[in-house]
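Please treat every number below as a calculation from the coordinates, not as lab data. If you're wondering where the values come from, they're calculated on a predicted model, not measured in any experiment. Cβ atoms come from the backbone with ideal geometry, glycine included; neighbour counts cover every protein chain shown.
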Amino acid sequence: MAQRTKADRQAAAKKGAATKQRKAAQKGAADAKSSAGSAGKAAVETAKSLGEAIKQGVKAITKRS
C-alpha cells in the first residue's frame, strides 16, 4: 500500500465531512416530510372527530323536538 500524502489525507477528510453534512441534510428533510405527513393525518382525524360530534349533537337536538 502506497504512502498517503498530507494532501491526500486532507482531501479525504474534506470528502468525508461533505458526505456527513449531505447525509445529515437528507435526514433532516426526511424527518420534516414525515412530521408534515403526521400533522396532516392528525388534522384529518380531528376534522372527522369534529364532524362526528356535530352529527351526535344534531341527533340530540332532533330527539328533543
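Listed by chain and number, the lysines whose C-alpha is less than 20 Å from the C-alpha of LYS63, apart from same-chain residues fewer than 8 away, are LYS55.
Sum up the charges of everything whose Cβ sits under 12 Å from the Cβ of ALA39, counting Lys and Arg as +1 and Asp and Glu as -1, but leave ALA39 out.
Working: positive: LYS33, LYS41; negative: GLU45.
Net of charged neighbours comes to +1.
Along the stretch 8-19 the Karplus relation, 6.51 cos²θ - 1.76 cosθ + 1.60 evaluated at θ = phi - 60°, assigns HN-Hα couplings of 5, 5, 5, 5, 5, 5, 5, 5, x, 5, 5, 5 Hz to successive residues, with x for each Gly and Pro. Positive-end ranking of GLY40, GLY57, THR5 along the dipole of the chain, with charges on Cβ about the Cα centre, is headed by THR5. If only the Cβ of Lys and Arg carry +1 and only the Cβ of Asp and Glu carry -1, the dipole of the chain around its Cα centre is close to 240 debye. Which of [x] 17.0; [y] 12.3; [z] 11.4 is the computed Kirkwood radius over Cα pairs in Å for the structure on display? After the calculation, the listed value that fits is [x]. What does the charge add up to near LYS15, with Lys and Arg as +1, Asp and Glu as -1, over the other residues with Cβ less than 12 Å from its Cβ? Its environment carries a net charge of +3.
Run the helix sum for the chain: -39,500 (n - 2.57) per DSSP H stretch of 4+ residues, divided by residue count, reported at 222 nm to the nearest 500 deg cm²/dmol. Please list the in-between numbers first.
On the way: 1 runs with 59 residues, N = 65.
Value at 222 nm, helices only, nearest 500: -34500 deg cm²/dmol.
How much length would be gained if the chain were fully extended between ARG64 and ALA29, taking 0.36 nm per residue of separation minus their Cα-Cα distance, in nm to one decimal? Intermediate results must be reported in sequence, preceding the final value.
Values: separation 35, 0.36 × 35 = 12.60 nm, distance 5.30 nm.
Residue separation times 0.36 nm, minus the Cα-Cα distance, leaves 7.3 nm.
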